[in-house]
C-alpha cells in the first residue's frame with residue numbers, strides 16, 4: 001500500500017491548486033458549521049505574499065459570521081525560514097486584505113526561527129490576527145481525510161487505496 005506523499009505533486013502551482021481544493025472541499029463536512037467557502041487564487045506572477053485568499057461563512061445557529069485567511073504556499077525542497085517570506089510585512093498584508101490571519105502551508109517544515117517569529121506575532125498582535133504554519137506532514141494528514149481530492153491530485157495513491 002502506497003503512502004500519501006507529495007511525490008505526485010509536480011510543482012508549486014500544482015501544490016497551490018491542491019491547497020485551494022482542500023479549502024473548497026471543507027464545505028462537504030456534514031458536521032461543520034461552514035455554510036460557504038470562497039477561494040480566490042492570486043493568479044500567475046508576483047502575488048505580494050498572497051497565493052490564496054479563503055473566506056468562510058459560518059453559523060453558530062444564532063448568527064452568521066465571516067473569517068478570511070491569507071494563505072501562502074511554499075513548495076520548496078527545504079525547510080522554510082523567515083527569509084523565504086520576508087518580502088512582505090505580514091500584519092500589513094492581513095490588514096490590507098481584511099483578513100483574520102495568515103496561514104503558511106509548506107511542503108517541508110518551518111525552521112525554529114520561523115516558528116519563533118509566528119509565536120511572537122501571535123503573542124504581540126494588538127489586532128488579534130492569527131499566524132499559523134502547516135508543515136508538509138500536517139497538511140498531508142489533513143488531505144488524507146479528504147478522499148474527494150485523491151483522484152485529482154494523488155492518482156497513484158488513489159488507485160492503490162481502491163485496490164486494497
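The values are calculated or read from the model by the stated rules, or taken from the named source; none is laboratory data. Since the model is a prediction, treat every value here as computed from it, not as a measurement. Every residue, glycine among them, receives a Cβ derived from its backbone with ideal geometry; neighbour counts consider all protein chains shown.
Scanning the stretch 3-17 for residues being surrounded by 14 or more Cβ atoms within 10 Å (Cβ to Cβ) and not in a helix (DSSP H, G or I) gives a total of 2.
Mind checking whether some residue in the stretch 38-51 is in a strand (DSSP E or B) and over 20 Å from residue 130 (Cβ atoms)? Taking every residue of the stretch 38-51 in turn, at least one turns out to be in a strand (DSSP E or B) and over 20 Å from residue 130 (Cβ atoms).
So which residues in the stretch 95-108 are more than 15 Å from the chain's Cα centre (by Cα) and either over 18 Å from residue 42 (Cα atoms) or surrounded by 15 or more Cβ atoms within 10 Å (Cβ to Cβ) (or both)? Walk me through it before giving the result.
To start, the set of residues in the stretch 95-108 that are more than 15 Å from the chain's Cα centre (by Cα) comprises 95-98.
Within the stretch 95-108, 97 is the sole residue that qualifies.
Looking across the stretch 18-27 at every residue that is more than 16 Å from residue 106 (Cβ to Cβ) and touching a helix residue (DSSP H, G or I) at 6+ places or on another chain (Cβ under 8 Å), the one that is modelled with the lowest pLDDT is identified as 25. Evaluating residue 155 against the criteria (1) in contact with a helix residue (DSSP H, G or I) (Cβ under 8 Å, 6 or more places away or on another chain); (2) farther than 27 Å from residue 77 by Cβ leaves one unmet condition, (2).
Scan the stretch 109-126 and tell me whether some residue there is touching a helix residue (DSSP H, G or I) at 6+ places or on another chain (Cβ under 7 Å), under 20 Å from residue 26 (Cα atoms), surrounded by 12 or more Cβ atoms within 10 Å (Cβ to Cβ) and without any contact (Cβ under 8 Å) to a residue 40 or more places away in the chain. Within the stretch 109-126, not a single residue is touching a helix residue (DSSP H, G or I) at 6+ places or on another chain (Cβ under 7 Å), under 20 Å from residue 26 (Cα atoms), surrounded by 12 or more Cβ atoms within 10 Å (Cβ to Cβ) and without any contact (Cβ under 8 Å) to a residue 40 or more places away in the chain. Is at least one residue of the stretch 20-39 in contact with a strand residue (DSSP E or B) (Cβ under 9 Å, 6 or more places away or on another chain), exposed (fewer than 14 other Cβ atoms within 10 Å of the Cβ) and more than 23 Å from residue 148 (Cβ to Cβ)? There is no residue in the stretch 20-39 that is in contact with a strand residue (DSSP E or B) (Cβ under 9 Å, 6 or more places away or on another chain), exposed (fewer than 14 other Cβ atoms within 10 Å of the Cβ) and more than 23 Å from residue 148 (Cβ to Cβ).
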